[in-house]
Amino acid sequence: MKSFASLVKLYIKSFYNLSPFLDLKKLKPAQVLKNLGIALVALLVLVNFGFLFVSVNLAMYWGLAMLGLQNLLFLVSSLTITVFVFVIGFITALSTYYINGMENHLLVLPLAPWKLLAAKFIAVYSSMAAVSMAFMITSMAIFGFYEGPKPLFYLWGFMGALLLPMPPLALSYLFLVPMMSVAGFLRNRRAVMLFTGVLGLLCAIGFNMYFQSLMSKMADTEALSVMMQNSLPLSIAAAGAYFPAGLLWKAMTVPEQAAAFIQSAANLLLCLGTSIVSIFALAGAYTRSLLGFNEESVKRLSASELKGFLGKKLKRKPVILALVDREIKNLNREPVYLLNGPFVIILLPLIMLIVFLAQKEAFLADPDSAKIIELAGSGFAMVIAAAAGAFLGSGSSIAATALSRDAKDLASIKSLPLDMGLFMFAKLVHAEIFVLLGSIVGCALVSLMFSIGFADSLTAFIMALAMASFINLAALWLDTARPKLGWTNPIAAMKQNMNSVIAILGAMGLLGLFSVAAIKFDIEKGMLLLFFGLAPILASLAALPFYKKYAVKRLAELDL
Amino acid sequence: MIELIAVSKTYAGSNIKAVDGLSLKISDGEIFGFLGPNGAGKTTSLKILTGVLKADSGQAMVDGTDVSLDPIAAKSRIGYVSDNPEAFAKLKAVEYLNFIADVYGLDSEQRHKRINDYSSRFEIRDALSSSLASFSRGMKQKLFIVASLLPDPQNWVLDEPMVGLDPKAAFALKSIMRNRADSGKTVFFSTHVMEVAERLCDKLAIINKGKIIFIGSFQELKKLEGEDTSLETLFLELTEKSGELAGNGDAVL
């Protein structure tokens, strides 16, 4: 069993990258500061999720209380957790099915197949259990505050929160293992990343729609109760079909009766049993599906094909174009980069559109909205358009992760007779392409929303372009100064890169200041263009030679 | 011509010198082998020479140009095969070669001719449409060798070039090395394959713990340590001896 425990530990460490936090004795002051920053961001995320969980639970409680059915809160909570874990658990299980070749090394070790699958199951389960526990604690706290239940109620709730994620996760593997065994095209890291990325985005949009529709009814308890009443038959039918949710609900409704003990014990057996049986049943197929994962075959061209192919491909380009072309290919061919970078330009407006459509009535009915619409008519809409364009333009994280993403190529690049200033300039040009796209999308959407005229839209676009370019240069400077080069998984270079978080937070702060200043001081259009259009462009142009000098020096000093 | 003059390097976060006052000179027309145990400082020295790393002190000169003072001029006279098989994994083989040709400013005719010629010699021409990620270690090594030859460099620097090569490719590589040296160009490579160093090198250097412990021809080494001995035996004796001396705090040879 020692090998199993080590395997679980190894997976958990690989999944969550906890080593910098765990080796506290080895930490240097800079690392402590960095960890504090990460902890702060994590706290922000937690607070966000906390707000989400509290809002959802409150809405559900109020809706049900209006009907006198508040005891059903735990049924709805259990089902929500189950659906959430099934969706997120499926995505997590898929994205961690094969971790950067680690499995190739594990497959040659004398490890029983069940150990490989069980250890991975536990690693995925640990995060799902944390989410389930957080949601259930929120439900229990709200119910406890209003209803004051007996202490055993909490015990069954905690136990249920730990047990509930098991069956949906087992179900995820029941889908995944046969799917991976049959669909050869999916046994490829890139395909998995693309598939999970798209699935994740769809889920994020779906959850957002659900949350927004719930939030739009928060102020109207009657609407909430109608909504809950409409969904009750489905919930009760689901509880009848899905025993763990039904058993937990019943145990929490009568926590001190003997039946609650029996129901909780039955739940324990059912959830644990399902997981253990699934693991043992799937272990062999799972191990076999890992063989040859991520293998790519070399394509050989015939002599006649080669002639045309080489003739078409081998063409001379100016060095700057060759460098930009390389940047674009490197980013576009890594799904992690593509989905977490440029795709934001499409995703963010989509989410905002959902929020707007879901909350449209509540927004228009709100007296504060009338003031916003009035302000928009007086030129404020142009400021919003500029801020939205600048945020989208600088939000792709391309500049903030430019050097970090190049960690594997950097030593080879440095050995070439290349002007390192030009090399970094190509990265800036690449980022600027998305500054342009983001500025166009952001400004066009807001212009359409508030029916802004062409001249004002153009002014907003120029300001967006100027501010986003300035932010981009600052982000590139940040990543040049502190690149994240020691990674094995590209997720670390993009998604887990603090530079990207700092750049986004910095952009939000700067654009917030811009909006407040523009409204507070009622700056006229010409002055706005001067301060937020011309000034950032001039500042960026003035900073460029200094950045180039810095980048050349910094790259020369990097130990690779 | 390549020259390293009293080069030293300590990596950030380490208190051990990876390279310690290293000096060597490689003349035009010479094949120079760089030998040493793992972690001896071979790759660090080559990286300093090619501008990948900055030396703490000393000079790295390529055809009379200091790499740290005029890196572009110095590097444009070098073709380098690194020991990093993970580089450029997102590109297709042909895209990688085209990129290198663009960086060195090769015109279309030159790149066509050289890519066709060298990729045929290393038998990867028909695989040029594939991604580097799909290449085996040996195929990547062949591709990196082809790329390093595209600018027809005066100085060819190779870090462990034999790794992963099949016998035919290894033979092709050795004959290209010899031909280039015979035409007055410099070949500087690190290796662990003693037979290759013994048969191919005009001159060699043995490095241990960041310091040169021998520099000269194989014949000179034999004279110094005793006749009728293989390079492998001499290498083992020398590195062991220098390790003991360094451990005692004495100077090495």
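FYI, it's all coordinate maths here, none of it is from the lab. What you are looking at is a predicted structure, and each value in this text was computed from that prediction instead of being measured. Glycine also receives a Cβ, built like all others from the backbone with ideal geometry; neighbour counts cover every protein chain displayed.
Results, tabulated for the structure shown:
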read-out: Within 10 Å of each Cβ in B:10-21, the average number of Cβ atoms from other chains; value: 1
read-out: Normalised contact order of segment A:319-557, rounded percent, pairs of Cα under 8 Å and 6 or more residues apart; value: 29
read-out: Lys/Arg +1, Asp/Glu -1 at C-beta; chain B dipole; positive extreme among B:LEU200, B:GLN59, B:ILE78; value: B:ILE78
read-out: For B:161-168, mean number of other protein chain Cβ atoms within 10 Å; value: 0
read-out: Cβ-based charge dipole, segment B:1-103, positive-most Cα from B:VAL103, B:LEU49, B:GLY13; value: B:GLY13
read-out: Shape call, segment A:161-279: gyration tensor on alpha carbons, a/c limit 1.5; value: oblate
read-out: Descending Cα extents along the principal axes, segment A:333-462, whole Å; value: 63, 30, 19
read-out: Virtual spin-label span in nm between A:LYS299 and A:LEU350, 7 Å along Cα→Cβ; value: 2.8
read-out: Selection from A:ILE398, A:PHE343, A:LEU538, by position along the positive dipole direction of the protein assembly as shown (Cβ); value: A:PHE343
read-out: For the protein assembly as shown, size of Cβ-based charge dipole, Lys and Arg +1, Asp and Glu -1, in debye; value: 720
read-out: Relative contact order %, chain B, counting alpha carbon pairs below 8 Å whose residues are six or more apart; value: 26
read-out: Hull volume in cubic angstrom per residue (convex hull over the Cα atoms of the protein assembly as shown); value: 205
read-out: Distance in nm between pseudo-label sites at B:ALA73 and B:MET1 (7 Å out along the Cβ direction from Cα); value: 1.5
read-out: Highest average packing first - A:58-67, A:290-299, Cβ atoms within 10 Å; value: A:58-67, A:290-299
read-out: Size-normalised alpha-carbon gyration radius of segment B:86-152, reference 2.2 N^0.38 Å; value: 0.98
read-out: DSSP beta bridges in the protein assembly as shown [antiparallel fraction, %, rounded to 5]; value: 55
read-out: Assigned charges on the beta-carbon of Lys, Arg, Asp, Glu; segment B:79-210 dipole about Cα centre (debye); value: 120
read-out: Average other protein chain Cβ within 10 Å of Cβ, residues B:129-136; value: 4
read-out: Ellipsoid semi-axes in whole angstrom, largest first, where each is sqrt(5λ) of the Cα gyration tensor of chain B; value: 31, 20, 17
read-out: Relative contact order computed over chain A (Cα-Cα under 8 Å; 6+ residues apart), in percent; value: 15
read-out: Folded to 0 to 90 degrees: helix B:137-149 orientation relative to chain B principal axis, Cα; value: 80
read-out: Point-to-point label distance, A:ALA39-A:MET209, nm (Cα→Cβ direction, 7 Å offset); value: 4.0
read-out: Protection-proxy order for peptides A:455-465, A:41-51, each taking the mean of Cβ atoms within 10 Å per residue, highest first; value: A:455-465, A:41-51
